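Step one of this worksheet: look at the structure below.
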Amino acid sequence: VPAISLEGVAKTYRTGQESVTAVSGVDLAIEPGEFFSLLGPSGCGKTTTMRMVAGFEEPTAGTVRLAGRDVTDVPPNRRDVNMVFQSYALFPHMSIANNVAFGLRRKGVADGEVKRRVAEMLELVELGDRAKHKPGQLSGGQQQRVALARALVNRPSALLLDEPLGALDLKLRQAMQLELKRIQREVGITFVYVTHDQGEALTMSDRIAVMNKGAVEQLGTPAEIYERPATRFVAGFIGTSNILTGPVTGTGERARIDFGEGRHVHVRTDAAEGDRIDVTVRPEKVHLGSAEPDAELSRLRGTVREVVYLGSATHYTVDTADGTEIVVFQQNASGAGNLAERGGDVWLSWRPDHSY
Ligand code: ADP
Ligand code: MG
């Protein structure tokens, strides 16, 4: 059975005359031990979804299950999950050890057991030597790790983390991403991680649900979502995408958008001839050069507008003859330098199966 499942879960907030549908019919099954992310722009309903799993918010419709049990009407303190927020709200006057011990003591856990478990948790988050410090004596990243220890110490079967690293600067955030992943592997429990940062979700997750306007647009592994975005929204939200638009010529294997004079983009589509469709290709899949590419490839012509040399890679922005801007990422593995100069006329090409 899934650790967490949502079946047709929806939430509409009513304030006076106004009503806002924050979540509309979400179905999800999160497996035990999974590192699962909810990814989407601000306001898409991520926090509301998590609050319904934790029990802080009652769904307008649908069922929430934990380990198969219907908990839709069960209060938060009787659900076997814990939640960590961006603001970690530690007790400033209490030592780190007492902050972590707080929940266990309130539940009446015996003193020796509390000591043992607190020490174990502080080891896990690598703060064993800070037990007697006060929160104010620790850095932001260390305080967030205390919050994590506090959430894990009563051994929930799942931990919900709502943008927990949002307050940290980039370097620390990246270090903490790997740290969280290590901790999750060590404790082996289900983590549901909420973020609006696609890089963060791609780095950490076993699977990602991409949310938009209260609904899940795509569910898959990081590679599936990056390589095969299901919708234009997902393609635009995850990574950089080039999107070409035009009418379909031909059907089946021969379907393509034809721009004339040997320029065409192969597509896989069920659309009828003449329908306008979008075709997406990632910048790292596009090759750039002066020689005419094989006609079996998708190929366009254009003029280089911008060249940005980044050391390990060069990024080109190319204006095509059809008015579309194409971004190309070139790895500089060969050390041959830039393949084109600003203002140069170039061919762009990619394998037919590299666009979607
Ligand atoms: P996210 O976490 O993805 O940024 P939220 O779940 O916080 O999104 O919010 C989703 C939508 O629901 C937003 O339009 C937000 O303004 C609205 N919303 C969230 N909480 C409340 C509330 N308590 N009352 C009214 N509207 C709310
Ligand atoms: Mg939120």
When segment 37-79 is checked residue by residue, the ones that are touching a residue at least 24 places away in the same chain (Cβ under 8 Å), more than 16 Å from ligand 2 (Cβ to nearest atom) and not in a loop (DSSP other than H, G, I, E, B) are Ala61, Gly62, Thr63, Val64, Arg65, Leu66
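Kindly evaluate Ala223 against the criterion of being in a helix (DSSP H, G or I) and either closer than 10 Å to Ser37 by Cβ or within 16 Å of ligand 1 (Cβ to nearest atom) (or both).
Numbers: in a helix (DSSP H, G or I): yes; either closer than 10 Å to Ser37 by Cβ or within 16 Å of ligand 1 (Cβ to nearest atom) (or both): no.
Against the criterion (in a helix (DSSP H, G or I) and either closer than 10 Å to Ser37 by Cβ or within 16 Å of ligand 1 (Cβ to nearest atom) (or both)), Ala223 does not qualify.
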Filter result for Ser5 (at pLDDT 95 or above, within 16 Å of ligand 1 (Cβ to nearest atom) and among the polar types (S, T, N, Q)): no
Selection from segment 146-171 of residues that are farther than 15 Å from Asp197 by Cα and either assigned to a helix (DSSP H, G or I) or within 16 Å of ligand 2 (Cβ to nearest atom) (or both): Val146, Ala147, Leu148, Ala149, Arg150, Ala151, Leu152, Leu160
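Does segment 17-34 include one or more residues that are within 13 Å of ligand 2 (Cβ to nearest atom) and hydroxyl-bearing (Ser, Thr, Tyr)?
Of all residues in segment 17-34, those within 13 Å of ligand 2 (Cβ to nearest atom) come to 22-23.
This time we only want the ones that are hydroxyl-bearing (Ser, Thr, Tyr), so: none.
Scanning segment 17-34 turns up no residue that is within 13 Å of ligand 2 (Cβ to nearest atom) and hydroxyl-bearing (Ser, Thr, Tyr).
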Can you say whether Met94 is in contact (Cβ under 8 Å) with a residue 12 or more places away in the chain and either under 24 Å from Leu178 (Cβ atoms) or assigned to a loop (DSSP other than H, G, I, E, B) (or both), as far as the supplied structure shows? yes
Which condition number does Lys213 fail, the rest of (1) surrounded by 19 or more Cβ atoms within 10 Å (Cβ to Cβ); (2) within 16 Å of ligand 1 (Cβ to nearest atom); (3) not small (Gly, Ala, Ser) being met? (1)
Starting from segment 195-219, keep only residues that are more than 21 Å from Phe85 (Cβ to Cβ) and in a strand (DSSP E or B), then list their pairs with residues that are within 16 Å of ligand 1 (Cβ to nearest atom) and at pLDDT below 95 whose Cβ atoms are within a distance under 6 Å, requiring at least 6 positions of separation or different chains. Val210/Val234; Asn212/Phe233; Glu217/Phe233; Glu217/Val234; Gln218/Val234
Do any strands (runs of 3 or more DSSP E) entirely within segment 257-348 hold 1 or more residues that are free of Cβ contacts under 8 Å to residues at least 40 places away in the same chain, and if so, which? 263-266, 276-281, 298-309, 313-320
Members of segment 226-256 that are part of a loop (DSSP other than H, G, I, E, B), surrounded by 14 or more Cβ atoms within 10 Å (Cβ to Cβ) and over 21 Å from the mean Cα position of the chain (by Cα): Gly250, Ala255
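Among the candidates Gly62, Gly40, single out the residue that is modelled with pLDDT of 95 or more, more than 10 Å from ligand 1 (Cβ to nearest atom), buried (at least 17 other Cβ atoms within 10 Å of the Cβ) and not β-branched (Val, Ile, Thr). Write out each step before concluding.
On the way: Gly40 fails: more than 10 Å from ligand 1 (Cβ to nearest atom).
Residue meeting the stated conditions: Gly62.
Residues in segment 282-312 that are over 20 Å from Asp345 (Cα atoms) and either polar (S, T, N, Q) or surrounded by 11 or more Cβ atoms within 10 Å (Cβ to Cβ) (or both): how many?
Filtering segment 282-312 down to residues over 20 Å from Asp345 (Cα atoms) leaves 282, 296, 310-312.
Within this subset, residues satisfying the condition of being either polar (S, T, N, Q) or surrounded by 11 or more Cβ atoms within 10 Å (Cβ to Cβ) (or both) are 282, 312.
Going through segment 282-312 one residue at a time, the tally reaches 2.
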Give segment 11-28 a look and list any residue that's crowded, with 16+ Cβ neighbours inside 10 Å and either without any contact (Cβ under 8 Å) to a residue 24 or more places away in the chain or more than 11 Å from ligand 1 (Cβ to nearest atom) (or both), or say none. Val26, Leu28
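Each row is one residue, and each column tells you yes or no for (1) within 25 Å of Phe56 (Cα to Cα); (2) in contact with a Pro (Cβ under 9 Å, 6 or more places away or on another chain); (3) surrounded by 12 or more Cβ atoms within 10 Å (Cβ to Cβ).
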| site | (1), (2), (3) |
| --- | --- |
| Arg106 | yes, no, no |
| Glu120 | no, no, yes |
| Leu124 | no, no, yes |
| Lys134 | no, yes, yes |
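The values are calculated or read from the model by the stated rules, or taken from the named source; none is laboratory data. Because the structure is a prediction, the values reported are computed rather than measured. Cβ atoms come from the backbone with ideal geometry, glycine included; neighbour counts cover every protein chain shown.
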